[in-house]
Amino acid sequence: MGNDVMNPPRAIVSGASIAGLSAAHWLRRTGWEVTVLERAPGFRDGGQNVDVRGVAREVLDRMGLVDVVKALNTTETAAVLVDGRGSVTAELPSDGPDGATAELEILRGDFARALLDHLPAGVEIVYGDTITDTVEGGDSVTVTTASGRVLRADLLVIAEGVRSATRDRLFDGLVDRRALGITMVFGTIPRTPGDDDRWRWYSTVGGRQVHLRPDNHGTTRAILSYPLDEDLASLDRDQALARVRARYADAGWESARVLDGFDASEDVYVDHLTQIRMPVWHQGRVCVVGDAAWCVTPIGGGGASLALTGGYVLAASLSAHSSPEEALAAYESWMRHLVDAVQKLPPGVVRAAYPRTRLGLALRTLAVRCLTSPLLAPLTSRLTRVAAADRPLPPLA
């Protein structure tokens, strides 16, 4: 969409996390007027580890933010599997920038803050408001917000995350939600002298996992993850944590510490892992980006990298095409292959990751030892290389 200096195109971006902020950054860099709407009353700090991998490293470099992200590194240096005594049973490959612990490993909140703090001048951000109605009128889209704002724009970018209400309204019938049958509970707990600079990953019977990861804020990021078909996210915090505590009553290792820490934590988040798949990511002058379009879940990995890249590719495509339809089709065409490669989980990967019996645990431990042996480690390390594009990024016109 060519830019008229006197009448620059205007975009509304709904959602102020990684995908939305990336889109706002690059749209503004290519001459758009940009308003970002965020339903939260203020910037949302917190969150667990994300990383910048594959082609997203080039996007970050073009933003001039590689050194900024490196300075905000979580301090994690390796990823190990441990047994009930905390003894290491295997170490995951960590060679190169895209190992199990990436070179550009950062907390979600720190990453979003870095993007926010380095937005080009002129991006308007409105907190505490959300879209309630949308009307398309040929050459424009008009949105009404909960506060009564009426905003007209040339493009609406939906970057609201996996449970996007705006996406569901506008793409009714096109959203395929694929629950993976896994519940994850995330939270920040106090650091103890026994914690170190490694991601420690413990598994026990019943498919239950406990993860402890260092951060750069003097605390520890913890995750409890296990097979469950019920969506605990629909329960209130106390009810959800009571269910999780019952499930982990005899799990061992650091599970009791994590549960006690969650009771006192202010940022506990419960997620029922669900992939989002859509046959199209645009219609008219509306498009979706990030988890709202293609949530890959932590099992697929690379969600932050895809979100960052999606914002760039969207703006680049719009800068190169005068027709909105052609531009959005080009954005989708470039991103689709990258996303599909992450979403297509190997058959049986979920069951293999969450063995439920002692025999299953023993077999998985044996398999991991083989895969991380000197002979196979180079091959295994390829599994963490997500968001690797087989073609150059589209240029900014």
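The values are calculated or read from the model by the stated rules, or taken from the named source; none is laboratory data. Please read all numbers here as calculations on a predicted model, not as lab measurements. We place every Cβ from the backbone using ideal geometry, glycine too, and count neighbours over all the protein chains shown.
The residue that is nearest to Thr219 (Cα to Cα), counting only those in the stretch 103-119 that are in a loop (DSSP other than H, G, I, E, B) and modelled with pLDDT of 95 or more, is His118.
For the stretch 60-87, the tally of residues that are hydrophobic (A, V, I, L, M, F, W, C) and touching a residue at least 60 places away in the same chain (Cβ under 8 Å) stands at 7.
Among the criteria (1) surrounded by fewer than 18 Cβ atoms within 10 Å (Cβ to Cβ); (2) touching a helix residue (DSSP H, G or I) at 6+ places or on another chain (Cβ under 8 Å); (3) part of a loop (DSSP other than H, G, I, E, B), the one Ser322 does not fulfil is (2). Pairs linking a residue in the stretch 330-357 that is touching a residue at least 24 places away in the same chain (Cβ under 8 Å) to a residue that is among the aromatic types (Phe, Trp, Tyr) and in a loop (DSSP other than H, G, I, E, B), with Cβ atoms under 7 Å and 6 or more positions apart or on different chains, are Glu332/Trp281.
Within the bounds of the stretch 140-150, is there any residue that is in contact (Cβ under 8 Å) with a residue 40 or more places away in the chain, within 17 Å of Ala11 (Cα to Cα) and of a type outside the set (S, T, N, Q)? Checked against the condition, which is being in contact (Cβ under 8 Å) with a residue 40 or more places away in the chain, within 17 Å of Ala11 (Cα to Cα) and of a type outside the set (S, T, N, Q), the stretch 140-150 yields at least one hit.
Here is the figure for the stretch 30-53: residues that are buried (at least 23 other Cβ atoms within 10 Å of the Cβ), under 23 Å from Met184 (Cβ atoms) and not basic (Lys, Arg) total 4. Within the set Gly46, Gly31, Gly42, Gly20, the sole residue that is within 23 Å of Pro394 (Cβ to Cβ), in a loop (DSSP other than H, G, I, E, B) and touching a residue at least 12 places away in the same chain (Cβ under 8 Å) turns out to be Gly31.
Would you point out which residue out of Leu235, Leu180 is of a type in the set (A, V, I, L, M), surrounded by fewer than 16 Cβ atoms within 10 Å (Cβ to Cβ) and modelled with pLDDT under 95? Matching residue, one of Leu235, Leu180: Leu235. Tell me yes or no: at least one residue of the stretch 334-354 is of a type in the set (Val, Ile, Thr), part of a strand (DSSP E or B) and in contact with a helix residue (DSSP H, G or I) (Cβ under 6 Å, 6 or more places away or on another chain). No, that holds for no residue.
Residues of the stretch 156-186 that are on the phi > 0 side of the Ramachandran plot and in contact (Cβ under 8 Å) with a residue 24 or more places away in the chain: Gly161, Gly181.
Within the stretch 62-76, being within 12 Å of Asn216 (Cα to Cα) and surrounded by fewer than 20 Cβ atoms within 10 Å (Cβ to Cβ) holds for Lys70, Ala71, Leu72, Asn73, Thr75. Whether any residue in the stretch 259-271 is assigned to a helix (DSSP H, G or I), surrounded by fewer than 18 Cβ atoms within 10 Å (Cβ to Cβ) and not aliphatic (A, V, I, L, M) is what I want to check. Looking for residues that are assigned to a helix (DSSP H, G or I), surrounded by fewer than 18 Cβ atoms within 10 Å (Cβ to Cβ) and not aliphatic (A, V, I, L, M), one finds at least one in the stretch 259-271, hence yes.
Determine whether Ala153 is free of Cβ contacts under 8 Å to residues at least 40 places away in the same chain, surrounded by 13 or more Cβ atoms within 10 Å (Cβ to Cβ) and among the small types (Gly, Ala, Ser). For Ala153, the condition - free of Cβ contacts under 8 Å to residues at least 40 places away in the same chain, surrounded by 13 or more Cβ atoms within 10 Å (Cβ to Cβ) and among the small types (Gly, Ala, Ser) - is not met.
For the stretch 316-335, state whether one or more residues are more than 24 Å from His25 (Cα to Cα), of a type in the set (D, E, K, R) and at pLDDT 90 or above. No, because not a single residue in the stretch 316-335 is more than 24 Å from His25 (Cα to Cα), of a type in the set (D, E, K, R) and at pLDDT 90 or above. So, Leu115, is that one closer than 22 Å to Leu27 by Cα, surrounded by 14 or more Cβ atoms within 10 Å (Cβ to Cβ) and touching a Pro at 6+ places or on another chain (Cβ under 8 Å) or not? For Leu115, the condition - closer than 22 Å to Leu27 by Cα, surrounded by 14 or more Cβ atoms within 10 Å (Cβ to Cβ) and touching a Pro at 6+ places or on another chain (Cβ under 8 Å) - is not met.
Restricting attention to the stretch 125-137, the residues being in contact (Cβ under 8 Å) with a residue 12 or more places away in the chain and either β-branched (Val, Ile, Thr) or assigned to a loop (DSSP other than H, G, I, E, B) (or both) number 8. Kindly indicate whether any position in the stretch 245-259 is of a type in the set (D, E, K, R) and free of Cβ contacts under 8 Å to residues at least 12 places away in the same chain. Yes, some residue in the stretch 245-259 is of a type in the set (D, E, K, R) and free of Cβ contacts under 8 Å to residues at least 12 places away in the same chain. Being over 30 Å from Asp340 (Cβ atoms), in a helix (DSSP H, G or I), of a type in the set (D, E, K, R) and touching a strand residue (DSSP E or B) at 6+ places or on another chain (Cβ under 9 Å) is a condition met by no residue of the stretch 200-211. Could you say whether any residue in the stretch 126-140 is under 27 Å from Arg62 (Cα atoms), among the hydrophobic types (A, V, I, L, M, F, W, C) and under 28 Å from the mean Cα position of the chain (by Cα)? For the stretch 126-140, residues under 27 Å from Arg62 (Cα atoms), among the hydrophobic types (A, V, I, L, M, F, W, C) and under 28 Å from the mean Cα position of the chain (by Cα): present.
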